[in-house]
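What follows is a single structure, written as C-alpha cells, with notes after it.
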Amino acid sequence: MDLLTSILAIAVFAGASLVYASVGEILTERSGILNLGVEGMMIMGAVTAFAAAVASGNAVVGVVVGGLVGGMLALVHAFLTITLRADQVVSGLALTLAGGGLASFLGQRLGPGGAPLVGMVGPRFRAITIPGLSDIPVIGPAFFDQDALVYLLFLVVPLAWFLLARTRPGLYLRAVGENPQTADAMGIDVFQVRYLYTFVGGVMAGVAGAHLSLAYTPGWTENLTGGRGWIAVALVIFATWDPRKAVAGALLFGGVNAIQFRLQAEGTTIPASLLNMMPYILTIVVLVVITRFESIRKKVGAPAALGLPYNREERT
Amino acid sequence: MNLPYRVTLEKRLDAPRIVVWLVPVVSILVALAFGAIVLAVAGADPLEAYGQILTGAFGSLTAWLDGEFYAVSETVVRTVPLILTGLAVAVAFRMRFWNIGAEGQLVFGGVFAAWVALFLPGVIPGIPQTLWVYLPLMAVVAVAGGAIWALIPAFLKAYLDVDEIITTIMLNFVAILTYQYLFTGPWKDPEGQGFPGSALFPEFTWLPRLTGRVTLGLVLALAAAVVVWLIFDHTKLGYEIALMGENPEAARYAGVNRAGIIIVVMVLSGGLAGLAGFTETAGISHRLQQGLAIGNGFTGIIVAWVAKLRPGWIVVVAFLLSALFVGGDQLQISMGLPASIGAFFQGMILLFILGGDVFTRYRVKVARRPAAVAVEG
C-alpha cells in the first residue's frame, strides 16, 4: 500500500465513529434540540457495547446494546429539555459529566462476574475485504477493506440525507426545528418529533462508541472517547447540518489521526502530546474558517429554533 | 396520547420562598435515593456506602472528640479549587457565555505559576526570595495565564462569532496536553529518576498552611466569592452581564458593548480558574505533576448551576460536592467501589436539579381530562 492509500484507509477507519455521532447529532439538532451529551452517550455506548459483546461473545449484540444505551441517555435529555423545558446546554453537559463518571464506574464492574473490563479481550469487528471493489486503486483498500460498521455507514449516511432532503417526515423534522409554532399549526406533533430524533441521535452516538470499543481500539480503557463526542458536535457546525458534509469533515479528522500515526510509526522527534493536539487545534481552526465563510455567504444552516424549548401555551 | 389526566405547566412570575428552598433540597435527596439504587445494583449496601461517604468527608464524632479533624480539613482542601472554578463558570454563564473551558484555564494558571516558581529565581535573581514577594507574583501570573487562555475563545466569539462551547472544550484538551508535555519533557525534574513531574518548587513559593493541608488558598477563594458577589450585585458591570444573559437585544439597545463585555467577562472567568491553578500548585502539589487536571473545571459547572450562579451558594455547594469526592475516595478504600462513583453522583445531582427546577419555574397542574372532549390546545 502506498502512502496515500494507507492514510485514506486509516482516515475512513478513524472517521467512522465521528460520522455516526455527527450525523445523529445533525438529526437531533434539525429538530431544534441541542444535545451536548454526545461525549457522554458515546462513552456509555462504548463501555456497555464492549461489556455486552464480552458477555454474549457476539460483537453485534454489543452494537445493539451500545446503541440502545445511547438512546436511553438521549431520552433523559429529551425528558428534561422537551417536557420539563430545562436548559439544553446545561442538560447536555450534565449528561456528558454523568455519563463519563458512570462509564468509568461500569468499566470496573461490568466484566464477567463483576470483574473490571480494562485489559480484557473480547469479540470485535474485523475488516471484511470485498472482492473486486477492494482492488480499485487507492479507493478500494480505503473504502472496501473495512469492518461491517463502516459498511453500514454507506447506507446510513445517504438514508439520513434522503430523509432530511427528500421525504415528508424529513420536511416535518426540519419544520419542527425551524418553526415549531407553525409546525404545530400544521398538525405535526412537535414533542413526538423532537423525542424521536433526540432518541435517534443518541442511538447513533451509542453506535459510534461501539465502533471505538469493538473495532477501532478494541477493548475498554478509561476515557476511551478522548473528546471525539465533542469533535462530532463541532463537525455538525462544520457540516452546516448536512449529513453529506459531515462525512467530509470526519474524513479530514480521520486523516489527521492517520498522519499522526504515520509520524509516530516513523519515529518522529515531535513529542506525542504535541501530535495529539492536532485534531483539537484543527477543530478550532476549521470552526473559525467555516463560521467566517458561512457568515459571508449569509447562510448559516443552524435550525432557527435550535436550543429553544417549545411551549404550546406561550405563543410568540 | 390520551391519558385520563392532563398535566399543564403555567409559568410562575414569582415562586414562593418555600418552593425556591425546598425544590433543590428535594432534588438532591431524590438524586441520592436514585444513587442508592445504583449502589444496590452494583452490589453495595447503600446505607453503609452513604455512611462511609459521610464519615469519609466529615469524620466521626469520636474523632472530633479526640480533636481529630483530618477528614473535614481534607474536604475543605478539595473545596478551594471548586469555589474558584464554580465562580469562574458562574461569571461566564450569567452572561450565557458557555465557558466549558475552566479546566484548561485552571491548568494554564498552574503552568504559569509553576514557571514563576521554577524559573523566575534563575532568570531574575534580584527579586527578593520571600513569600511576600513571590506568592502575590505567582498569583497574578497564574490569573494572567488563565485569562490569556480564556481570551482565545473570547476574541473568537466577540469578533468572529465562533461558537464558544466548542472552542473552550477543544482548548481544554490542548491545555492539558501542553501541561503534560511540559512536566514530562522540558520541565521534567533532571534529578527525578524517571518520575514524571517538575522539580519541587522552592519553599518560598509555598502557600502557608492554616491547618492540616488547608492553605491560605481558602481565604483567597472566599475573598474571590465576595468580590464576585460585589461585581454581580453592586456594579454596572454586573448589571450589564446579567442583562446580556437575559436579553442580548435589550442590552444592545441599552448601549452595552457586546465585544467588550465578552472580553472582560472571560478575563474574569479565566482569571478565577487560573487562580485555582495557583492554589493547587503552590498550595498542594508544590510541583507540576499529574493531578492538576482532575476535573475541577467541569465540576465547577455543576457547582455554579446547582448554586444558581450565586457566589454565596457556590461556596456552600462547592463544600458539599467536595464532601462527595472525599467521601467517594473513602468508598474506594473501605468498600472497594470505584472512586468515579463520586463523579457519577455529581452528574446525577445536576440532572435532578435541572429536572426539579420545573417546579420552581412553573406551576405544575394536574387536571382530570373532561371525558368527552378529546381536542386540546
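All of the numbers you see were taken from the coordinates with simple rules; none came from a lab. Predicted model, so just to flag it, every value in this text is computed and none were measured. Don't worry about glycine lacking a Cβ; one is built from the backbone with ideal geometry, like all the others, and counts go over all protein chains shown.
Right, B:Ala323: more than 30 Å from B:Phe155 (Cβ to Cβ), touching a residue at least 40 places away in the same chain (Cβ under 8 Å), hydrophobic (A, V, I, L, M, F, W, C) and in a helix (DSSP H, G or I) or not?
yes
Got a sec? Which of B:Ala33, B:Ala49, B:Ala40 is within 14 Å of another protein chain (Cβ to nearest Cβ) and surrounded by fewer than 14 Cβ atoms within 10 Å (Cβ to Cβ)?
None of the others qualify; the one that does is B:Ala40.
Scan the stretch A:83-91 and tell me whether some residue there is within 30 Å of B:Ala31 (Cα to Cα), more than 8 Å from chain B (Cβ to nearest Cβ) and either in contact with a helix residue (DSSP H, G or I) (Cβ under 9 Å, 6 or more places away or on another chain) or not in a loop (DSSP other than H, G, I, E, B) (or both).
Yes, because at least one residue in the stretch A:83-91 is within 30 Å of B:Ala31 (Cα to Cα), more than 8 Å from chain B (Cβ to nearest Cβ) and either in contact with a helix residue (DSSP H, G or I) (Cβ under 9 Å, 6 or more places away or on another chain) or not in a loop (DSSP other than H, G, I, E, B) (or both).
Take the conditions assigned to a loop (DSSP other than H, G, I, E, B), farther than 19 Å from B:Phe278 by Cβ, touching a strand residue (DSSP E or B) at 6+ places or on another chain (Cβ under 9 Å) and without any contact (Cβ under 8 Å) to a residue 24 or more places away in the chain and apply them to B:Gly192. Does it pass?
So B:Gly192 fits the description; yes.
Show me the helices (runs of 4 or more DSSP H) found entirely inside the stretch B:16-109 where at least 1 residues are in contact (Cβ under 8 Å) with a residue 24 or more places away in the chain.
In the stretch B:16-109, B:17-41, B:46-58, B:70-93 are the helices (runs of 4 or more DSSP H) which contain 1 or more residues that are in contact (Cβ under 8 Å) with a residue 24 or more places away in the chain.
Are there any pairs, at least 6 apart or on different chains, whose C-beta atoms fall under 6 Å, with the first in the stretch B:349-367 and more than 7 Å from chain A (Cβ to nearest Cβ) and the second among the polar types (S, T, N, Q), and if so, which?
B:Phe352/B:Ser27; B:Ile353/B:Ser27; B:Gly356/B:Ser27; B:Lys365/B:Thr8
Among the helices (runs of 4 or more DSSP H) confined wholly to the stretch A:228-307, which include 3 or more residues that are within 11 Å of chain B (Cβ to nearest Cβ), hydrophobic (A, V, I, L, M, F, W, C) and under 26 Å from A:Val157 (Cα atoms)?
Per the criteria, A:228-238, A:272-297.
State the number of residues belonging to the stretch B:6-30 that are more than 12 Å from chain A (Cβ to nearest Cβ), exposed (fewer than 12 other Cβ atoms within 10 Å of the Cβ) and among the β-branched types (Val, Ile, Thr).
Counting residues in the stretch B:6-30 that are more than 12 Å from chain A (Cβ to nearest Cβ), exposed (fewer than 12 other Cβ atoms within 10 Å of the Cβ) and among the β-branched types (Val, Ile, Thr) gives 2.
Only one of (1) within 9 Å of chain A (Cβ to nearest Cβ); (2) farther than 18 Å from B:Phe278 by Cα fails for B:Lys157. Which number is that?
Evaluating B:Lys157 over (1) within 9 Å of chain A (Cβ to nearest Cβ); (2) farther than 18 Å from B:Phe278 by Cα leaves (1) as the failure.
Any idea which of (1) in contact (Cβ under 8 Å) with a residue 24 or more places away in the chain; (2) β-branched (Val, Ile, Thr); (3) under 22 Å from A:Leu75 (Cα atoms); (4) part of a loop (DSSP other than H, G, I, E, B) is the one A:Ile188 doesn't satisfy?
Just one mismatch for A:Ile188, condition (1).
Restricting the search to the stretch A:94-122, which residues are small (Gly, Ala, Ser) and within 25 Å of B:Asn296 (Cα to Cα)?
Matches in the stretch A:94-122: A:Ala94, A:Ala98, A:Gly99, A:Gly100, A:Gly101, A:Ala103, A:Ser104, A:Gly107.
Can you name every residue in the stretch B:280-298 that is touching a Ser or Thr at 6+ places or on another chain (Cβ under 7 Å) and in a helix (DSSP H, G or I)?
B:Ala282, B:Gly283, B:Asn296, B:Gly297 - these are the residues of the stretch B:280-298 that are touching a Ser or Thr at 6+ places or on another chain (Cβ under 7 Å) and in a helix (DSSP H, G or I).
Tally the residues that are within 14 Å of chain B (Cβ to nearest Cβ) and hydrophobic (A, V, I, L, M, F, W, C), restricting the search to the stretch A:206-227.
Qualifying residue count, the stretch A:206-227: 2.
Anything in the stretch B:169-193 that is among the hydrophobic types (A, V, I, L, M, F, W, C) and within 10 Å of chain A (Cβ to nearest Cβ)? List them, or say none.
The answer is B:Ile169, B:Met170, B:Leu171, B:Phe173, B:Val174, B:Ala175, B:Ile176, B:Leu177, B:Leu182.
Scan the stretch A:66-82 residue by residue and report those that are surrounded by fewer than 24 Cβ atoms within 10 Å (Cβ to Cβ) and at the interface with chain B (Cβ under 8 Å from one of its Cβ atoms).
Of everything in the stretch A:66-82, those that are surrounded by fewer than 24 Cβ atoms within 10 Å (Cβ to Cβ) and at the interface with chain B (Cβ under 8 Å from one of its Cβ atoms) turn out to be A:Val76, A:Phe79.
Has the stretch A:204-220 got any residue that is out of contact with any Phe, Trp or Tyr (no Cβ under 6 Å at 6 or more places or on another chain), β-branched (Val, Ile, Thr), crowded, with 18+ Cβ neighbours inside 10 Å and in a helix (DSSP H, G or I)?
no
Checking A:Gly113 against (1) within 16 Å of A:Met41 (Cβ to Cβ); (2) free of Cβ contacts under 8 Å to residues at least 60 places away in the same chain, which test does it fail?
The number of the failed condition is (1).
Give the residue that is nearest to the other protein chains (Cβ to nearest Cβ), with candidates limited to residues of the stretch A:92-104 that are over 15 Å from B:Phe352 (Cα atoms) and of a type in the set (A, V, I, L, M, F, W, C).
In this case the residue turns out to be A:Leu102.
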